[in-house]
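As structure tokens, the structure follows; a few thoughts come after it.
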Amino acid sequence: MMPVSNASDPRDYRRDAASHLYSQNTHRIFQGKMPPLLYAIGVLQVELDGQGQVINLDWMRAPKQAPEVIAEIERTVRQAAPFPKPVRLGKVTYTDTWLWHSSGRFQLDTLTEGQL
């Protein structure tokens, strides 16, 4: 069964999307507070259609010093589709910040446990 989101705006939807990404990548989530210096930080805007499929990815702030992280984040987002169907929004564009540790584990700003 396809998950649905009853979010009424992109900010609310962002939490549903982050939870979905975490559920698809449980072994890759950094546990606990992130260290003060991270390997990469990126701000990615994700556009989804009414079925939760990825239409477009647009970097608001790409971690250009780590092109492999850019590629891995894009692959992770595309593989997580379909996202929860944005039933109240029709389609949705949301933005989240990826906090990337040198181990390859990550947190999303929406669900972060903070930094040390």
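The values are calculated or read from the model by the stated rules, or taken from the named source; none is laboratory data. Keep in mind that what you see is a predicted model, and the values were worked out from it rather than measured. Because the Cβ atoms are built from the backbone with ideal geometry, glycine has one as well, and the counts that use them run over all protein chains shown.
Structure notes:
- Residue-level analysis places Glu72 outside the set of residues that are exposed (fewer than 14 other Cβ atoms within 10 Å of the Cβ) and either outside any loop (DSSP other than H, G, I, E, B) or at pLDDT 95 or above (or both).
- Cβ-Cβ contacts under 8 Å between residues 6 or more apart (or on different chains), taken from a first residue in region 1-30 that is closer than 17 Å to Trp98 by Cβ and aromatic (Phe, Trp, Tyr) to a second residue that is assigned to a helix (DSSP H, G or I) and at pLDDT 95 or above, are listed as Tyr22/Leu111.
- The residue of region 60-116 that is farthest from the chain's Cα centre (by Cα), among those that are small (Gly, Ala, Ser) and more than 13 Å from Leu44 (Cα to Cα), is Gly90.
- Qualifying residue in region 60-78 (condition: touching a residue at least 40 places away in the same chain (Cβ under 8 Å) and at negative phi): yes
- Residue check, Ala81 hydrophobic (A, V, I, L, M, F, W, C), touching a residue at least 12 places away in the same chain (Cβ under 8 Å), closer than 27 Å to Ala7 by Cα and surrounded by fewer than 18 Cβ atoms within 10 Å (Cβ to Cβ): yes
- The requirement of being assigned to a strand (DSSP E or B), more than 18 Å from Val4 (Cβ to Cβ) and aliphatic (A, V, I, L, M) is satisfied by Val43.
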